[in-house]
Amino acid sequence: MKYWIFLFSVIGSLGAIAPVQAAEKVILKYNVLQESISVAQLSNLSKTGETSPELHTYLDLVNKKPEELREILNHSIVVTPTVLSNLLDSFAGKYILNKLSEVIRSPSAENSKESLRNALVASVNTNDDIRLIEVLENYPDPELQIEGDRLMELYQQVKAIAGNFSNLPF
């Protein structure tokens, strides 16, 4: 009997550490244009600056440069897990999460806020900062949508307020 309890506790703890699934595909929407891009392609752009032919064509169509997308993917917001958790539990944090989940969401829109919250928390737990590429890599659903035109606007807003995270009273 002790063996089974031990075995189930080990299996349970492994499940808590390893994500069950992560996003594999991102549907980028910009105005009326839409393209399905793998998270691996975005990760490659983030790390090397190189674009896949599909991503390059899409960025040309929406008149964006790979460097712009790379900057957004890699922009770091320094925040500790405790501050992020407290922020997300606050009224302001819930409002921000709601706005974020309108731009980055599951295609069905079900559980988008919870999925996004989980991805944010997983991202900050690795290195005390959040980068969009980490959020995409940690998003717990196999597919997500990004409203590209709204992402640029939201990126500017987040960039403007990110410096104030260290001043929060948590």
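The values are calculated or read from the model by the stated rules, or taken from the named source; none is laboratory data. Just so it is clear, the model here is predicted, and its values are computed rather than measured. Side chains are part of the model used for accessible areas, which takes the heavy atoms of the whole protein and leaves out ligands, DNA and RNA. Shrake-Rupley method; radii C 1.70, N 1.55, O 1.52, S 1.80 Å.
Multiplying the residue separation of Lys65 and Ala22 by 0.36 nm and removing their Cα-Cα distance gives an extension gain of 12.8 nm. Per-residue Karplus couplings for the stretch 41-46, computed as 6.51 cos²θ - 1.76 cosθ + 1.60 with θ equal to phi - 60°, are listed in order as 5, 5, 4, 4, 4, 4 Hz, Gly and Pro entered as x.
If you roll a 1.4 angstrom probe over the protein chains with everything in place, what fraction of the accessible area of the stretch 36-107 belongs to carbon and sulfur, to the nearest %? Display every interim value, and only then the final one.
Details: 2110 of 3750 Å².
Here it works out to 56 percent.
Amide H to amide H distances under 5 Å link Tyr139 with Ala23, where only residues 5 or more positions off or on other chains count and H is placed in the peptide plane. Less than 15 Å apart at the alpha-carbon level, and either on another chain or at least 8 residues along: which aspartates and glutamates does that give for Lys25? In chain and number order, the partners are Glu35, Glu54, Glu134, Glu137, Asp141, Glu143, Glu147. Couplings 3J(HN,Hα) of the stretch 133-139, computed from phi: 4, 5, 4, 5, 5, 9, 5 Hz, in residue order, whole Hz [Karplus 6.51 cos²θ - 1.76 cosθ + 1.60, θ = phi - 60°; x for Gly and Pro].
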